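Only the coordinates and a few stated rules stand behind these numbers; no lab work does. None of these values were measured; they are calculated from a predicted model. Quick reminder, even Gly has a Cβ in these numbers, built from the backbone with ideal geometry, and neighbours come from all protein chains shown.
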């Protein structure tokens, strides 16, 4: 049997009404797919993307013979709006290009993903929706909006809303980028390199824990010093578009699974809709999606449980393929959820 391969497609959604009142013109959702949908249409696994990450960033979770086996599951990775692959400031024409790109919410992303499932995958149900960071926030949004379509949820290093200290962190990295005079309010003619470098350096101090640096854990990632790690982060962010980074940052900062016409800000009600098996896996040393916040969210979900990742890697512990021990625990949790869902 030939191993399945990733395919990349665009779903054209036309004029997309957004929750903030604007309309995104010629909306496009890029997605990666591997594996085939079965006849009952109940073997689909959805892996929404994370901040700063392309759809391929979720590929390390998917391996033949592993819990997310493409021989068994149809696995779809939808790229977030604003992040550079789906409709984004950097690839949209006309008045919605660059800083004119409209505000997009978690709700907008998930509603568009549901349209993809309805129109391309025949209304398939989700055996599992799973994500890291903002991907986890989208997974939780899926669970509360469409509980009849979702059998299980796994949110890694994520909470159901962006809590105040998380928002303060985001305001800090935003300020580092936008204070570059070359940013010009988003109307830059060339990438604002100083701002992107500053953004990366500030962000790196939050992404890992104090213990990560104190114990020189960066050496396990191939870096000889904190400075070499920072240089890598700089180079990575120089490849990204500043307006894209800021557009998705605003989606993150405003993230709240109850901030939509369905729940009208009733956070408790939104959490209580997560009746399916739902696992939150915070990192014990995450500095912005904290273990305390994740535990509180999980406690309010009828199907929720909190299974912390004990790690010095901070928020990065949950990233696909980033830390082997955490990766194994994340995939074990996914396997358990898929087994429970198959038995329900």
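With n ≥ 4 as the cut-off for DSSP H runs, can you work out [θ] at 222 nm for the chain, using -39500 (n - 2.57) per run divided by the number of residues, rounded to the nearest 500?
On the way: 10 runs with 121 residues, N = 344.
That calculation yields -11000 deg cm²/dmol at 222 nm.
Fewest to most neighbouring Cβ within 10 Å: what's the order for 8, 75? Please report the intermediate quantities before stating the final value.
Working: 8 13, 75 26.
Fewest-to-most Cβ neighbours within 10 Å comes out as 8, 75.
Return the distance in nm (one decimal) between the two label points of a simple spin-label model at residue 225 and residue 5, each offset 7 Å from Cα along Cα→Cβ.
Going by the 7 Å Cα→Cβ label model, 4.4 nm.
Under a plain spin-label model, where a point goes 7 Å from the Cα along Cα-to-Cβ, how far apart in nm are residue 165 and residue 339?
The modelled label-to-label distance comes out at 3.5 nm.
Tell me the Kirkwood hydrodynamic radius of segment 108-188 in angstroms, computed as one over the mean inverse distance between distinct C-alpha pairs. Before the final figure, lay out the partial values.
Values: mean 1/r = 0.0677 Å⁻¹.
Every distinct Cα pair counted, the radius reaches 14.8 Å.
Quick check: from the Cα gyration tensor, does segment 145-285 come out rounded (a/c under 1.5), prolate or oblate?
Numbers: a/c = 2.64, a/b = 1.44, b/c = 1.84.
Cα axes put segment 145-285 in the oblate bin.
For a quick check: sort 59, 187 by the number of other beta carbons within 10 angstrom, fewest at the front. Present the calculation step by step, with values, prior to reporting the outcome.
Working: 59 17, 187 10.
Ordered by Cβ neighbours within 10 Å, fewest first: 187, 59.
Grab the Cα-Cα distance for residue 216 and residue 266, subtract it from 0.36 nm times how many residues apart they are, and report the gain in nm with one decimal. Present the calculation step by step, with values, prior to reporting the outcome.
On the way: separation 50, 0.36 × 50 = 18.00 nm, distance 4.33 nm.
Using 0.36 nm per residue and subtracting the Cα-Cα distance, I get 13.7 nm.
Can you sort 23, 110, 120 so the residue with the fewest Cβ neighbours within 10 Å comes first? Display every interim value, and only then the final one.
Numbers: 23 12, 110 26, 120 16.
Fewest-to-most ranking of 23, 110, 120: 23, 120, 110.
If you build the Cα gyration tensor of the chain and take the root of 5 times each eigenvalue, what three semi-axes come out, in whole angstrom, biggest first?
Working: eigenvalues 163, 122, 80 Å².
Largest first, the chain gives 29, 25, 20 Å.
Take residue 19 and residue 253, extend 7 Å from each Cα along the Cα→Cβ direction, and tell me the distance between the two endpoints in nm.
About 1.7 nm, to one decimal.
Just to be sure I understand: of the beta bridges DSSP finds with both ends in the chain, what percent are antiparallel, rounded to 5? Working shown, then result.
Values: 14 of 33 bridges.
In the chain, approximately 40 percent of DSSP beta bridges are antiparallel ones.
If you build a Gaussian network model of the chain, linking Cα atoms that sit under 10 Å apart, which residue out of 40, 60, 191 swings the most?
Most flexible of the set in this elastic network: 40.
So what's the projected area for segment 1-125, the Cα convex hull averaged over all directions, in nm²?
Working: hull surface 31.6 nm².
Projected area, direction-averaged: 7.9 nm².
Go ahead and run the numbers for FRET between residue 26 and residue 184, Cβ-Cβ distance against an R0 of 22 Å, rounding to 0.05.
Values: r = 26 Å, r/R0 = 1.18.
E between residue 26 and residue 184, to the nearest 0.05, is 0.25.
How compact is segment 166-249 by the rule of thumb for globular proteins, expressed as Cα Rg over 2.2 N^0.38 Å? Intermediate results must be reported in sequence, preceding the final value.
Numbers: Rg = 13.6 Å, N = 84, 2.2 N^0.38 = 11.8 Å.
Relative to the 2.2 N^0.38 Å estimate, segment 166-249 comes out at 1.15.
Beyond 27 Å, what share of the Cα-Cα pairs of segment 199-344 remains, rounded to the nearest whole percent?
Working: 3704 of 10585 pairs.
Beyond 27 Å sits 35 percent of the P(r) for segment 199-344.
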